[in-house]
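The values are calculated or read from the model by the stated rules, or taken from the named source; none is laboratory data. All of these numbers come straight from a predicted model, not from anything done at the bench. Cβ atoms come from the backbone with ideal geometry, glycine included; neighbour counts cover every protein chain shown.
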Amino acid sequence: MKTMTKKQKVINCLKSGKGITAKQAASRFGVGNLRATMSNIKSDLESYGNWEVVTEETATGATRYFMNDIHPGTRVYGFDRYGHRYAL
């Protein structure tokens, strides 16, 4: 069985509809630099125009990242549980 990368784990967390902060990513997935990881994920997600990465500031001033489906009914690809894209 393949092991999931940190990037794939973060994508799966975002797909669940929950946001993630740098502290959460570090403790749950071992991600040392969430901002760089999200930049990498953002280029993958936004390349086809179906998803966008959005942020919000928490009450403590941390940045929380979310994944937003721009075209919920007309998406042309999805992600499997390992974070790999596939055509719908």
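For the stretch 15-35, name all the residues that are modelled with pLDDT under 90 and under 13 Å from ARG64 (Cα atoms). Residues satisfying the conditions are GLY17, LYS18.
Would you be able to say whether some residue in the stretch 65-85 is of a type in the set (Val, Ile, Thr), at pLDDT 90 or above and more than 20 Å from MET4 (Cα to Cα)? No, the conditions are met nowhere in the stretch 65-85. The number of residues in the stretch 16-59 being surrounded by 16 or more Cβ atoms within 10 Å (Cβ to Cβ) and closer than 15 Å to TYR82 by Cβ comes to 2. Residues in the stretch 1-28 that are under 18 Å from THR58 (Cβ atoms) and either touching a Ser or Thr at 6+ places or on another chain (Cβ under 9 Å) or part of a helix (DSSP H, G or I) (or both): VAL10, CYS13, LEU14, GLY19, THR21, ALA22, LYS23, GLN24, ALA25, ALA26, SER27, ARG28. Is it fair to say LYS42 is part of a loop (DSSP other than H, G, I, E, B) and either under 14 Å from the mean Cα position of the chain (by Cα) or modelled with pLDDT under 90 (or both)? For LYS42, the condition - part of a loop (DSSP other than H, G, I, E, B) and either under 14 Å from the mean Cα position of the chain (by Cα) or modelled with pLDDT under 90 (or both) - is not met.
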